[in-house]
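**Q** The structure is given below, and queries will be raised subsequently.
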Amino acid sequence: MKFIDSTNFVKLIKKLTAEGELYYPFLDEETGSYHLKRASGFPLEEDFELGGYRAVEPSKGVAQHARVTVAEYPSENPDEITNPDNIIPSVVLGAKGCDVNAMKMVDKVQVEGEFTDPLYKIRRDKMFVVAADCDDCKESCFCTLLGRKPWPEDGYDLAVSKISGGYLIEAGSERGEKVLAENGKLTSEAREQQIKARDEKRQKVLARLKENNSQFPDLTGMPEKLREAINDEIWKELAKDCVECGACTNICPTCYCFLLYDRKMDGDYFRRLSNWDSCQLTGYARMAGMLNPRASLVDRVKHRFYHKYDYLVSSHDDIFCTGCGRCIDACSASIDIRDVLARIEQKVTG
Amino acid sequence: MENPYYPIDTVVEDIITETPTIKTFCLKPARPIDFKAGQFMQLTMPGIGEAPFTPSSDPNISEKMEITILKTGKVTDALHELKPGAKVGLRGPFGEGYPLDKLEGREVLVVGGGVGLAPLRALIYALLDDPSRYKKISIKYGARMPEELCFKRQYQDWKNRADNVSFQPTIDVPAEGWDGHVGLVTTLLDDLDVSIEGSYALSCGPQIMLKFVTLKLLEVGYKPPQIYLSMNRKMSCGMGKCGRCNVGQYYLCVDGPDMCYDKIKHVPNVFG
Ligand SMILES: Cc1cc2nc3c(=O)[nH]c(=O)nc-3n(C[C@H](O)[C@H](O)[C@H](O)COP(=O)(O)OP(=O)(O)OC[C@H]3O[C@@H](n4cnc5c(N)ncnc54)[C@H](O)[C@@H]3O)c2cc1C
Ligand code: SF4
Ligand code: FES
């Protein structure tokens with residue numbers, strides 16, 4: 001474990017971003033919210049804030065752009081678009097525990113299996129993640145209900161914990177270790193006192209999260225319980241409130257759905273684009289002849305819960321919910337996922 | 001890195017009119033495409049978009065591919081306007097394909113409806129390649145009217161292929177000049193020429209037909225693990241990435257499109 005003071009930390013980040021773009025959180029004093037901001041190369045603004053909790057915006061758009069050209073055809077050189085040399089490296093600074101967990105989950109879908117989404121994989125390979133502890137949490141945060149921690153456990157290159165005068169810094173990958181080794185002069189060995197300070201901070205946030213969520217059940221056992229609630233009235237009740245805006249899926253760091261569509265360009269060539277999509281919208285599953293297996297909003301509302309808390313557990317071995325609470329903050333109908341799951345838990349276990 | 005979203009340049013060499021609304025497109029891709037019966041392709045109509053189709057041709061042939069398409073919307077309308085020589089694109093193959101290994105030594109019942117015989121024709125080619133590997137191959141096929149039956153030119157060959165092969169077509173309502181069976185395809189399942197024990201049934205057709213075929217198969221004694229259905233869902237990527245084509249926990253583009261009914265019977269609105 002190393003310590004790096006604030007001045008040296010900025011030097012380190014400047015080195016890392018010399019040839020890439022930086023995504024970092026800053027605190028909007030007016031609203032009290034953290035937001036994700038993009039900076040390209042120098043001069044690097046120094047308004048980043050690595051304490052606090054997760055930003056309003058998830059960082060999923062760094063690896064999977066909201067809209068991106070995935071192919072142009074016909075072409076003499078079809079693999080040009082997926083040539084890694086054409087893709088700018090990125091540094092994601094200040095990813096919280098839930099943010100890195102989300103990246104690990106989406107990696108399972110986009111990278112693993114017989115096929116790989118090439119642009120996603122290249123952007124992830126060229127991404128350097130500097131994760132950070134939460135030293136605060138939001139009312140909507142509930143990572144602990146899923147057995148997850150408000151600090152990064154793995155899935156990062158470097159992890160920092162903000163302490164007095166600077167940061168504790170630790171490598172979580174070979175790339176991270178290399179960076180620390182090459183920049184030995186910027187860091188010093190962490191003192192026991194400093195590590196103790198970090199641990200105390202962590203326990204404090206953990207305790208607050210537990211207290212904030214004391215009225216909700218543990219959610220790790222939800223998959224089995226949901227299976228028993230497939231025909232429950234609760235889905236109809238939720239559909240009455242839902243306004244079908246798709247905000248919950250857009251803001252969710254683990255929602256990765258996209259739609260491909262083609263566009264005719266000038267001359268005789270065509271562009272294929274990939275666009276974020278939302279299972280909450282009617283057109284999402286509509287087929288030829290206006291057939292639609294989820295024509296009713298009840299089924300679409302239900303689908304969000306089952307996809308994350310049941311289907312993906314079977315197919316990709318994890319509940320695709322980090323507990324970041326962004327969907328709770330974003331919902332115009334004030335649907336609180338914790339509340340829904342708590343009601344199901346109660347109905348099923350009686 | 002290879003780009004799986006780029007469609008392989010493909011030329012339409014020939015177009016066969018099967019029925020007033022169904023055409024078979026004989027395609028020549030720039031490089032051979034190996035596929036298993038039941039695996040599907042994403043076919044690009046340049047500038048308009050892609051749609052998923054299961055090749056209807058012999059899976060032993062990879063230099064050329066035939067796809068049989070019902071005209072039903074944006075992409076398929078545009079495809080039906082094409083003339084030989086036109087350029088299209090292909091991605092794939094995707095999905096699992098039919099469980100051919102399981103069928104070996106068994107009595108196999110194939111039930112098709114309308115354009116649903118297209119994917120099944122690839123299966124029929126694979127089965128008839130060496131019929132002696134199966135105890136029995138019984139094919140039932142229904143369409144509304146005689147003019148709506150696909151691949152009529154091949155029925156006699158199928159029947160004559162071997163003693164353990166049968167083929168029976170039906171039309172929904174009586175028509176002049178038709179002396180075959182009349183009635184929905186499910187009526188061909190009442191008096192089956194296969195013994196159900198140890199047999200497998202594979203069906204493809206409109207979702208509503210699949211539903212009634214499944215109910216009928218269960219009624220005559222098939223168990224859910226013996227039934228395979230070609231499921232239909234909206235698809236985009238074809239590779240398990242875009243999240244779209246699920247039936248319960250399964251992605252049709254990865255685990256299907258032919259699904260064992262036992263795995264999906266509990267899914268709400270499984271027949272859409
Ligand atoms: C695995 C698989 C294999 C298949 N094999 C075959 C085959 O061998 N032969 C065959 O004929 N068919 C096959 N199909 C069906 C075929 O894919 C569809 O018929 C085809 O996709 C229709 O496309 P379309 O653009 O012509 O139809 P459209 O109805 O124009 O388009 C369908 C798409 O457009 C969207 N859409 C339609 N209307 C609207 C609207 N009003 N607003 C917004 N969006 C809309 C829907 O979301 C839908 O995805 C197969 C399907 C699957 C999944
Ligand atoms: S959900 Fe947990 S990890 Fe995410 S910001 Fe809130 S406290 Fe931090
Ligand atoms: S078509 Fe994209 S996940 Fe199946």
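The values are calculated or read from the model by the stated rules, or taken from the named source; none is laboratory data. Everything numeric here is computed off the predicted structure, so don't read it as measured data. In this analysis, Cβ positions are derived from the backbone assuming ideal geometry, glycine residues included, and neighbour counts consider all displayed protein chains. Accessible surface areas use protein heavy atoms only, side chains included; no ligands, DNA or RNA. Shrake-Rupley method; radii C 1.70, N 1.55, O 1.52, S 1.80 Å.
**Q** Could you run through segment B:90-135 and say how many residues are among the charged types (D, E, K, R) and within 23 Å of B:Arg153 (Cβ to Cβ)?
**A** 3
**Q** Given the structure, is A:Asp329 more than 14 Å from chain B (Cβ to nearest Cβ) and either crowded, with 22+ Cβ neighbours inside 10 Å or modelled with pLDDT of 95 or more (or both)?
**A** yes
**Q** Also, I was wondering about something else. Given the condition closer than 14 Å to A:Lys2 by Cα and touching a strand residue (DSSP E or B) at 6+ places or on another chain (Cβ under 8 Å), answer yes or no: does some residue in segment A:198-205 qualify?
**A** yes
**Q** Another question about this same structure. Across segment B:141-172, which residue is farthest from B:Asp193 (Cα to Cα) among those that are of a type in the set (Lys, Arg) and out of contact with any helix residue (DSSP H, G or I) (no Cβ under 9 Å at 6 or more places or on another chain)?
**A** B:Arg153
**Q** Another one. Which condition does A:Ile319 not pass, out of (1) more than 12 Å from chain B (Cβ to nearest Cβ); (2) touching a helix residue (DSSP H, G or I) at 6+ places or on another chain (Cβ under 7 Å); (3) assigned to a helix (DSSP H, G or I), if it passes all the others?
**A** Unmet for A:Ile319, out of (1) more than 12 Å from chain B (Cβ to nearest Cβ); (2) touching a helix residue (DSSP H, G or I) at 6+ places or on another chain (Cβ under 7 Å); (3) assigned to a helix (DSSP H, G or I): (3).
**Q** Inside segment B:209-227, can you point out the residues that are surrounded by fewer than 24 Cβ atoms within 10 Å (Cβ to Cβ) and within 14 Å of ligand 1 (Cβ to nearest atom)?
**A** B:Met209, the sole residue that qualifies.
Residues are listed down the side, and each one gets a yes or a no for (1) within 14 Å of chain B (Cβ to nearest Cβ); (2) outside any loop (DSSP other than H, G, I, E, B); (3) in contact with a strand residue (DSSP E or B) (Cβ under 9 Å, 6 or more places away or on another chain):
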position: A:Tyr53; (1), (2), (3): no, no, yes
position: A:Ala71; (1), (2), (3): yes, yes, yes
position: A:Val92; (1), (2), (3): no, yes, yes
position: A:Tyr120; (1), (2), (3): yes, yes, no
position: A:Val129; (1), (2), (3): no, yes, yes
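**Q** Return the residues of segment A:301-330 that are within 19 Å of A:Val243 (Cα to Cα) and within 16 Å of ligand 2 (Cβ to nearest atom); say none if nothing qualifies.
**A** Matches in segment A:301-330: A:Gly325, A:Arg326, A:Cys327, A:Ile328, A:Asp329, A:Ala330.
**Q** Also, I was wondering about something else. Name the single residue, out of those in segment A:239-291 being within 7 Å of chain B (Cβ to nearest Cβ) and of a type in the set (Gly, Ala, Ser), that is surrounded by the most Cβ atoms within 10 Å (Cβ to Cβ).
**A** Step by step, filter segment A:239-291, then rank; the result is A:Ala285.
**Q** What tally of residues in segment B:48-89 results from selecting those that are within 14 Å of chain A (Cβ to nearest Cβ), under 25 Å from A:Met287 (Cβ atoms) and outside any loop (DSSP other than H, G, I, E, B)?
**A** Residues that pass the stated criteria total 16.
**Q** Something else: Those residues that are part of a loop (DSSP other than H, G, I, E, B) and open to solvent by 100 Å² or more (accessible area, probe 1.4 Å), I need them from segment A:164-197; list them, please.
**A** A:Ser164, A:Arg191
**Q** Scan segment B:1-18 for residues that are away from every other protein chain (no Cβ under 14 Å) and either open to solvent by 10 Å² or more (accessible area, probe 1.4 Å) or within 11 Å of ligand 1 (Cβ to nearest atom) (or both) and report the count.
**A** Here the count works out to 6.
**Q** Determine the pairs where a residue that is within 16 Å of ligand 3 (Cβ to nearest atom), located within segment A:301-323, has a partner that is of a type in the set (A, V, I, L, M, F, W, C) and assigned to a helix (DSSP H, G or I) with Cβ atoms under 6 Å apart, the partner being 6 or more residues away or on another chain.
**A** Final answer for the pair search is A:Phe320/A:Met105; A:Phe320/A:Leu312.
**Q** More than 7 Å from every other protein chain (Cβ to nearest Cβ) and more than 18 Å from the chain's Cα centre (by Cα): which single residue out of B:Tyr250, B:Tyr228 fits that description?
**A** Among B:Tyr250, B:Tyr228, only B:Tyr250 is more than 7 Å from every other protein chain (Cβ to nearest Cβ) and more than 18 Å from the chain's Cα centre (by Cα).
**Q** Let me ask you something else. Go through segment B:53-81 and count every residue that is of a type outside the set (Asp, Glu) and either within 16 Å of ligand 2 (Cβ to nearest atom) or open to solvent by 50 Å² or more (accessible area, probe 1.4 Å) (or both).
**A** Counting residues in segment B:53-81 that are of a type outside the set (Asp, Glu) and either within 16 Å of ligand 2 (Cβ to nearest atom) or open to solvent by 50 Å² or more (accessible area, probe 1.4 Å) (or both) gives 7.
**Q** Follow-up. Please find, within segment A:94-118, the residue that is farthest from ligand 3 (Cβ to nearest atom) out of those that are surrounded by fewer than 20 Cβ atoms within 10 Å (Cβ to Cβ) and within 14 Å of chain B (Cβ to nearest Cβ).
**A** A:Asp107
**Q** Here's a follow-up. Of the residues A:Asp262, A:Asp268, which single one is farther than 23 Å from B:Asp255 by Cα and within 16 Å of ligand 3 (Cβ to nearest atom)?
**A** A:Asp262
**Q** In segment B:251-266, which residues are modelled with pLDDT of 90 or more and either crowded, with 24+ Cβ neighbours inside 10 Å or in a helix (DSSP H, G or I) (or both)?
**A** Once the filter is applied, which keeps residues that are modelled with pLDDT of 90 or more and either crowded, with 24+ Cβ neighbours inside 10 Å or in a helix (DSSP H, G or I) (or both), segment B:251-266 yields B:Tyr251, B:Leu252, B:Cys253, B:Val254, B:Asp255, B:Pro257, B:Asp258, B:Tyr261, B:Asp262, B:Lys263, B:Ile264.
**Q** Sticking with this structure for a sec: Is there a residue in segment B:193-204 that is touching a Gly at 6+ places or on another chain (Cβ under 6 Å), in contact (Cβ under 8 Å) with a residue 60 or more places away in the chain, within 16 Å of ligand 1 (Cβ to nearest atom) and open to solvent by less than 30 Å² (accessible area, probe 1.4 Å)?
**A** yes
**Q** Condition first: in a strand (DSSP E or B) and open to solvent by 20 Å² or more (accessible area, probe 1.4 Å). Now tell me which residues in segment B:90-135 satisfy that.
**A** Listed by number, the residues that qualify are B:Gly92, B:Pro93, B:Glu107.
**Q** Consider B:Ser199 against the criteria (1) of a type in the set (S, T, N, Q); (2) modelled with pLDDT under 95; (3) in contact with an Asp or Glu (Cβ under 8 Å, 6 or more places away or on another chain): it satisfies all of them except one. Which criterion is unmet?
**A** (2)
**Q** Considering only residues that are outside any strand (DSSP E or B) and among the aliphatic types (A, V, I, L, M), look in segment A:131-147 and name the one that is nearest to ligand 1 (Cβ to nearest atom).
**A** Out of the qualifying residues, it is A:Leu146.
**Q** Sticking with this one: Which of the following residues is in contact (Cβ under 8 Å) with a residue 12 or more places away in the chain and open to solvent by 60 Å² or more (accessible area, probe 1.4 Å): B:Asn269, B:Asn232, B:Asn246?
**A** B:Asn232
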